[in-house]
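Heads up, the thing below is written out as structure tokens.
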Amino acid sequence: MLKKDNHKTILLRQLPGVDELLRTPSITALLKEHPRPVIVKAIQAALKKQRQDILSDQINQAIDLSSLPESSLRTHLLPHLTKEINRLVVRQTSPNLKKVINATGIILHTNLGRAPLSTAAQKAVQAVASGYCNLEFDLNRGQRGSRNDLVAALCTHLMQVESALVVNNNAAAVLLALNTIARDKEVIVSRGQLVEIGGSFRMPEVMRQSGARLVEVGTTNRTYPDDYRQAITEFTALLLHVHTSNYKIMGFTQETSLTELVSLGQEYRLPVMSDLGSGSFVNLTSFGLNTELNVFEVVTAGVDIVTFSGDKLLGGPQAGIILGKREYLAKMSKNPLFRAIRCDKLTLAALEATLRVYLDLPGALEEIPVLRMLRLKKEELEKQAKVVTDHLIPVLKDYARITIEPAYAQVGGGALPVTNLPSVAVVIQPLKQSVTEVAACLRNEEPVVIGRLQENCLWLDMRTVQKDEIELLVKALKNVMRK
Ligand SMILES: *Cc1c(COP(=O)(O)O)cnc(C)c1O
């Protein structure tokens, strides 16, 4: 026991000081690239860890120091210290928000930032971010302008509506609409549509926040026009239709259609609003997706207001887009709440560029990444999977079983909850590590790679991996699997 404690004391004496470490060549190299305070902090943390490892004997598990002469101990401790310092500095200086290769097969993954931006939108953000811009400056009149005007005309033109208003996200859009039109009044909604969207957007709670009173009608599975009719009173301000984005009620069901709601609204002179959630500017049925998420169809059904997200099927930045009748939207734009939930210049730059892409519809199908991913054919996905396996199998054959398998991708983001898109995955079964270890290491790579874990295998769905990410994906896998 005495001998062991003695050994620890000897080891502790060998630990270099901060100044000495700052003079070692590998740390001097770090000093050229990173701020000194960051490095000093990393040195202190690494020394503290080394001291603890010595005291708890863990140091002997990492390196066998017991048989070494005292004179060479320091030479053996030093590389460990500098490696740890390097690791800490890299972690401290790399951003928290990083690029991720999404191999989950979920196209609109809210945790992974939903829609990737088109090249046009990326360029627009870059151009505006690098200097000043005419965010609220009317260049024709040389006077103060409105930031909403930057995108409103594109929206009204594309969707043939009277007016458009853009806010931070769709939750904010719904809040603004309800607060403006129905504060201290009643809003009628079907029980089957009182949804909770992931991340705590619950329709009844948003309604309460807006100051509107919720009047639920019908039952979970069936709501008829008469249910709405019987609930209409002098206090009713709005008939609301909510798209049940992330679930579907099947079997014995009856939903009152938007057209039926619109005729009720006309009969009682009440506005009708649709919270569409994931709104699309293209006809998704043309590529085999059966949906009611077409914004233009909702508008032509005659609703007064429709709201949807910018970063779901539209394929743009996070935003809430409100389209509809001028009389209602003008009121919303005067609501003080509007000022609190307005978009910033980078969002507006990306949104304007995205909307411009839609002016040429065939072009949009290619240029908007979300639409491109939705339309990818099985053959293209197989080809992409083959490129990955051709690179991996020769290098990793001793480390993993690698195959190509049919898979199902999903739209995600609260759109088409029961639609599975046939897809193709590269499936990796590690032979020398557990699949959770592999997944953890991939989360440390740059870029980060996120796949799907299933029965001791890592599934990498090709539908959500962009073409220019293949090389990076292969590199990350080689790095991680050969550890
Ligand atoms: C996604 C969704 C929302 C919330 O939209 P955000 O843009 O995430 O704020 C609201 N309602 C419906 C029906 C949705 O699908």
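The values are calculated or read from the model by the stated rules, or taken from the named source; none is laboratory data. Please read these numbers as outputs of a predicted model, since none were measured by experiment. Note that each Cβ is placed from the backbone with ideal geometry, even for glycine, and that neighbours are counted across all protein chains shown.
Quick notes
- When residues of the stretch 62-80 are limited to those that are more than 20 Å from Ser26 (Cα to Cα) and of a type in the set (D, E, K, R), the one surrounded by the most Cβ atoms within 10 Å (Cβ to Cβ): Glu70
- Flag for Glu437 being closer than 17 Å to Pro116 by Cβ, assigned to a helix (DSSP H, G or I) and away from the ligand (no atom under 16 Å from the Cβ): no
- Residues being in a loop (DSSP other than H, G, I, E, B), under 36 Å from the mean Cα position of the chain (by Cα) and surrounded by 14 or more Cβ atoms within 10 Å (Cβ to Cβ) - total across the stretch 1-54: 1
- Pair list, Cβ < 9 Å and 6+ apart or interchain, from the stretch 397-421 residues that are on the phi < 0 side of the Ramachandran plot and within 11 Å of the ligand (Cβ to nearest atom) to residues that are basic (Lys, Arg) and modelled with pLDDT of 90 or more: Ala415/Lys312
- For beta carbons closer than 8 Å, sequence separation of 6+ or different chains, a first residue in the stretch 253-265 that is under 16 Å from Gly218 (Cα atoms) and a second that is among the acidic types (Asp, Glu), the qualifying pairs are Thr256/Asp227.
- Scan of the stretch 148-164 for residues that are surrounded by 18 or more Cβ atoms within 10 Å (Cβ to Cβ) and more than 15 Å from Val295 (Cα to Cα), ordered by number: Asn148, Leu150, Val151, Ala152
- Residue list for the stretch 361-382, restricted to those being of a type in the set (D, E, K, R) and in a helix (DSSP H, G or I): Glu366, Glu367, Arg372, Arg375, Lys378, Glu379, Glu380, Glu382
Rundown of residues vs (1) of a type in the set (A, V, I, L, M, F, W, C); (2) surrounded by 16 or more Cβ atoms within 10 Å (Cβ to Cβ); (3) modelled with pLDDT under 80, yes/no style:
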{"position": "Ile181", "(1), (2), (3)": "yes, yes, no"}
{"position": "Ile188", "(1), (2), (3)": "yes, yes, no"}
{"position": "Met207", "(1), (2), (3)": "yes, yes, no"}
{"position": "Ala231", "(1), (2), (3)": "yes, yes, no"}
{"position": "Leu238", "(1), (2), (3)": "yes, yes, no"}
{"position": "Met250", "(1), (2), (3)": "yes, no, yes"}
{"position": "Thr253", "(1), (2), (3)": "no, no, yes"}
{"position": "Thr256", "(1), (2), (3)": "no, yes, no"}
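- Scanning the stretch 412-420 finds one or more residues that are under 20 Å from Pro116 (Cα atoms) and in contact with a helix residue (DSSP H, G or I) (Cβ under 7 Å, 6 or more places away or on another chain).
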